[in-house]
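The values are calculated or read from the model by the stated rules, or taken from the named source; none is laboratory data. The model shown is predicted, which means the values in this text are computed figures rather than measured ones. Every residue, glycine as well, gets a Cβ built from its backbone with ideal geometry; the counts of neighbours run over all protein chains shown.
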Amino acid sequence: MSIDLILKVAGIGLLVGICAIILNEAGKKEQAQMVTIAGVVVVLYLVIQGISDLFVLVKSVFNLY
Amino acid sequence: MEIAQVIGLAIIVTVLGAVLKQIKPEIAIQLSILAGVTIFLLIMDKIRLVVDLLQKLANQADISSYYLFIVLKIVGVAYLAELGGQICRDAGENALATKVEIAAKVFVVILAIPIIAAIMESMMKLLA
């Protein structure tokens, strides 16, 4: 869990944005939306893993539960 | 110098977020969430040291660790609620952030019930 995860997310964001723009220009609006949704889901997967790491650590540090 | 790491990370995320916000705002929000989580993870290792120190001090002073654990739990709940509330506020969901904070306050009061009861009991003993 460090800077490379953040760079990964930023890269995915840029890639998805560019893909969506290109597909939009090519007149494929639905596919551009699909790419956007897929990007959001992939990034959400990464973010949720990070949040779960944090929650486990906070629970163990502060003796929660 | 861990603080330099945190500041560098924050600046990089700010710049990347400014670019991403124009292209894909929904991924920019997730990027800022991830940055916040990363910074919290960096801090948590340090907080563990402080908590260990507090426990050692409490043991030396013969304070019941039961009450120390309650205080630690309250601090943990407050940390998590702050994180969640700020994420909601970042994404423009002010109402949700306020509700998260209200829920955190309720849970803190519930956690503090044993301490309040103990204070009441000792006050009754003093008065009687």
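Assorted remarks:
For every residue, the table says whether it meets (1) free of Cβ contacts under 8 Å to residues at least 12 places away in the same chain; (2) under 19 Å from the mean Cα position of the chain (by Cα).
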position	(1), (2)
B:G8	yes, no
B:L16	no, no
B:V19	yes, no
B:P25	yes, no
B:V37	no, yes
B:D45	yes, yes
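- Among (1) surrounded by 14 or more Cβ atoms within 10 Å (Cβ to Cβ); (2) more than 8 Å from chain A (Cβ to nearest Cβ); (3) not basic (K, R) - the single one B:A35 does not satisfy: (2)
- Residue that is surrounded by the fewest Cβ atoms within 10 Å (Cβ to Cβ), among those in the stretch A:47-64 that are facing another protein chain (nearest Cβ under 7 Å), more than 12 Å from B:L80 (Cβ to Cβ) and not charged (D, E, K, R): A:N63
- Criterion (loosely packed, with under 14 Cβ neighbours inside 10 Å, small (G, A, S) and more than 11 Å from the chain's Cα centre (by Cα)) met by exactly one of A:A38, A:A26: A:A26
- Some residue of the stretch B:84-91 being among the hydrophobic types (A, V, I, L, M, F, W, C) and under 26 Å from A:L15 (Cβ atoms): yes
- In this structure, B:Q55 does satisfy being more than 14 Å from the chain's Cα centre (by Cα), within 13 Å of chain A (Cβ to nearest Cβ) and more than 30 Å from A:I18 (Cα to Cα).
- Matching option when the condition is in contact with a Leu (Cβ under 8 Å, 6 or more places away or on another chain), in a helix (DSSP H, G or I) and at the interface with chain A (Cβ under 10 Å from one of its Cβ atoms), among B:L111, B:L72: B:L72
- Residue within the stretch B:93-115 that is modelled with pLDDT of 90 or more and closer than 25 Å to B:V6 by Cα present: yes
- A single entry from B:E93, B:E82 fulfils the requirement of being more than 9 Å from every other protein chain (Cβ to nearest Cβ), under 18 Å from the mean Cα position of the chain (by Cα) and either more than 30 Å from B:G17 (Cβ to Cβ) or among the acidic types (D, E) (or both): B:E82.
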